[in-house]
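Here's the structure, in structure tokens; my notes come after.
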């Protein structure tokens, strides 16, 4: 799932080398923290958070297979 988030995020930004996806586990939940370059933050969040919500939806759909709860945070 981490590789999927990395692929999706890198395809959205202008500087794909600056993208990092870190996987953490908190209280049995998977937490993915996405870090992008300063100039690409708006591209990943999108207007009104639409792109960020779409990324979270894809991650949650992929988590159904693993029967886990997934949280995706976009760090600035």
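Readers should treat all values here as calculations from the given coordinates under stated rules, not as data from a laboratory. Everything quoted here is computed from the prediction, not taken from an experiment. All Cβ positions, even for glycine, are placed from backbone atoms using ideal geometry, and neighbour counts span all protein chains on display.
If R0 is taken as 30 Å, the Cβ-Cβ distance between residue 47 and residue 73 corresponds to a FRET efficiency of 0.95. Site pair residue 17 and residue 60 shows an inter-label distance of 3.6 nm when each label is modelled 7 Å from Cα along Cα→Cβ. Summed over qualifying helices (DSSP H, 4 residues or more, each -39500 (n - 2.57)) and divided by its residue number, the chain shows a 222 nm mean residue ellipticity of -13000 deg cm²/dmol.
Relative contact order for the stretch 2-75: what is it in percent, counting Cα pairs under 8 Å that are at least 6 residues apart?
Values: 99 pairs, mean separation 23.2, N = 74.
Relative CO of the stretch 2-75 lands at 31 percent.
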